[in-house]
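Participant: Quick one: the structure is below, questions incoming.
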Amino acid sequence: MTTDPTTSLAGRTAVVTGGAGPLGSVLAEALAGAGARVVVVDLDESSCAATANDLPGSGHRALGANLLDPRGLSSVVDALNELGACDILVNNAAFTGTSGVPGYAVPFEEQTDEAFAMALALNLTAPFSLTRRLAPLLRTGGHGSVVNVSSIYGLVGPNMGLYEGTRMGNPAAYAASKGGLAQLTRYLSTVLAPDVRVNAFAPGGIARGQDDAFVERYERLTPLGRMGTEDDFRGVVTWLASDASAYVTGQVVAVDGGWTAW
């Protein structure tokens, strides 16, 4: 008689980068709720501590680290090596379209090489570096799972008509880095197999007070008729991190209300 795999993460250690942000904190809470010990990694240590303290369960840790700095990346790896465990790595930290980086979320001709390189460093190089350096720990526990946070704009091109007359933009670097992360997911899934599974999910637009015109246009183009909320991603991150998805690797799951299905 066999037992069905569950989404329990009891006894496992999960790392969530960008873990104090709007999405990262919800992902951390979902993993903690499933029983994981969570290491919250973000730029501001006090925000990390506040997030970690609010998580259900015990044993959570906060780690302030700048993932654009090689020393920040090393501090994450060193902390996990000291803990002696890393079963789940959620690569969530990223510059989004509202990050305020000069030369980033501006009209295409005004986007700069410097902003492009900075976005790739955080959105793509940091996940590569952390996965590579934490791979030995991910293998050791026997349940290693990497979950990358891509985007619908890593799967399809932007509809710039959404942004007409608004204060919003859609940076080329965001699309390139999130598309690169989707392909890195496929690459790592074969290279790290069979010991470590590597998957990604691609969020659709998350409602965060965008211009009314944008929201109306976006929802009209979404089969489920609404923008997402952070809570919409609790299930997918827990599923991909757990043994419930034990035969799933190399996949990019769109969680977008059907946006990419048209």
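Participant: State which stretch of the chain is the longest one without any exposed trypsin sites (Lys or Arg not before Pro), exposure meaning a DSSP loop state and at most 15 other Cβ atoms within 10 Å.
Facilitator: Numbers: sites that count: Arg167, Arg208, Arg226.
Longest site-free region, per DSSP loop and neighbour criteria: 1-166.
Participant: What is the local net charge at Leu155, summed over the other residues whose Cβ is closer than 13 Å to its Cβ (Lys, Arg +1; Asp, Glu -1)?
Facilitator: On the way: positive: Lys178, Arg186; negative: Asp256.
Once positives and negatives cancel, what remains is +1.
Participant: Which whole-number value in Å² is the accessible area per residue of the range 1-74, probe 1.4 Å? Show your work: numbers first, answer last.
Facilitator: Values: 3440 Å² over 74 residues.
Here the per-residue accessible area is 47 Å².
Participant: Grab the other residues whose beta carbon is less than 14 angstrom from that of Gly11, score K and R as +1, D and E as -1, and report the net.
Facilitator: Details: positive: Arg12, Arg37; negative: Asp87, Asp243.
Here the charged neighbours net out to 0.
Participant: Continuing with the same structure: If I take the Cα coordinates of the range 147-227 and project them onto the principal axes, what are the three extents in Å, biggest first?
Facilitator: Sorted from largest, the Cα extents of the range 147-227 read 48, 26, 18 Å.
Participant: What Kirkwood hydrodynamic radius, in Å, does the range 46-178 give when the mean of 1/r is taken over all pairs of distinct Cα atoms and then inverted? Write down the numbers at each step before the final one.
Facilitator: On the way: mean 1/r = 0.0602 Å⁻¹.
About 16.6 Å for the range 46-178.
Participant: I need to check one value: relative contact order of the chain, counting alpha carbon pairs closer than 8 Å and at least 6 residues apart, in percent. Write out the running numbers ahead of the final one.
Facilitator: On the way: 526 pairs, mean separation 50.9, N = 262.
19 percent.
Participant: For the range 25-153, what is the relative contact order in percent, using Cα pairs closer than 8 Å and at least 6 residues apart in sequence?
Facilitator: Values: 156 pairs, mean separation 29.1, N = 129.
Averaging sequence separation for qualifying contacts and normalising by length gives 23 percent for the range 25-153.
Participant: Just to compare against my own numbers: the Cα pair-distance distribution for the chain, 5 Å bins, whole % per bin, please.
Facilitator: Pairs per bin, as whole percents: 1, 6, 13, 18, 20, 17, 12, 7, 4, 1, 0, 0, 0.
Participant: Over all alpha-carbon pairs in the range 1-91, figure out the percentage whose distance exceeds 21 Å.
Facilitator: On the way: 1052 of 4095 pairs.
It works out to 26 percent of all Cα pairs.
Participant: Turning to a different aspect of this structure: About the Cα centre of the chain, how large is the charge dipole given +1 on each Lys and Arg Cβ and -1 on each Asp and Glu Cβ? Please answer in debye to the nearest 20.
Facilitator: Values: 16 positive and 25 negative charges, 137 e Å.
I would put it at about 660 debye.
Participant: Quick one: Cα centre-to-centre distance for the range 209-225 and the range 226-262, in angstrom?
Facilitator: 20
Participant: When the chain is treated as a GNM, springs tying every alpha-carbon pair under 10 Å, which of Val77, Val106, Val156 comes out with the largest mean-square fluctuation?
Facilitator: Highest fluctuation among the options: Val156.
Participant: So which GluC sites (Glu not before Pro) in the range 101-204 pass both tests, a DSSP loop state and at most 16 other Cβ atoms within 10 Å of the Cβ? It would help to have the intermediate numbers written out before the result.
Facilitator: Values: sites: Glu109, Glu110, Glu114, Glu164; in loops: Glu164.
Sparse-neighbourhood loop GluC sites (Glu not before Pro): Glu164.
Participant: Over the range 125-262, what number does the Rg to Rh ratio reach, with both radii from the alpha-carbon atoms and Rh per Kirkwood? The partial results should precede the final answer.
Facilitator: On the way: Rg = 16.4 Å, Rh = 16.0 Å.
Rg divided by Rh gives 1.02.
Participant: For the range 115-167, what is the per residue volume of the convex hull drawn over the alpha-carbon atoms, in cubic angstrom?
Facilitator: On the way: hull volume 5.8 nm³, N = 53.
For the range 115-167, the hull spanned by Cα atoms encloses 110 Å³ per residue.
Participant: Along the charge dipole of the range 44-151, Cβ charges K/R +1 and D/E -1, which of Val90, Leu63, Leu138 sits furthest on the positive end?
Facilitator: Checking the options against the dipole of the range 44-151, the answer is Leu138.
Participant: Here's another thing I want to ask about it. Please report the accessible area of Ser8 (heavy atoms, 1.4 Å probe, ligands and nucleic acids excluded) in Å², nearest 10.
Facilitator: Spelled out: Ser8, probe radius 1.4 Å, area about 60 Å².
Participant: At a 1.4 Å probe radius, carbon and sulfur cover how many percent of the accessible area of the range 169-262?
Facilitator: Working: 2310 of 4180 Å².
That fraction is 55 percent.
The values are calculated or read from the model by the stated rules, or taken from the named source; none is laboratory data. Since we're looking at a predicted model, the values are computed, not measured. We place every Cβ from the backbone using ideal geometry, glycine too, and count neighbours over all the protein chains shown. To get the accessible areas, we keep the full protein, side chains included, count just its heavy atoms, and leave off ligands, DNA and RNA. Shrake-Rupley method; radii C 1.70, N 1.55, O 1.52, S 1.80 Å.
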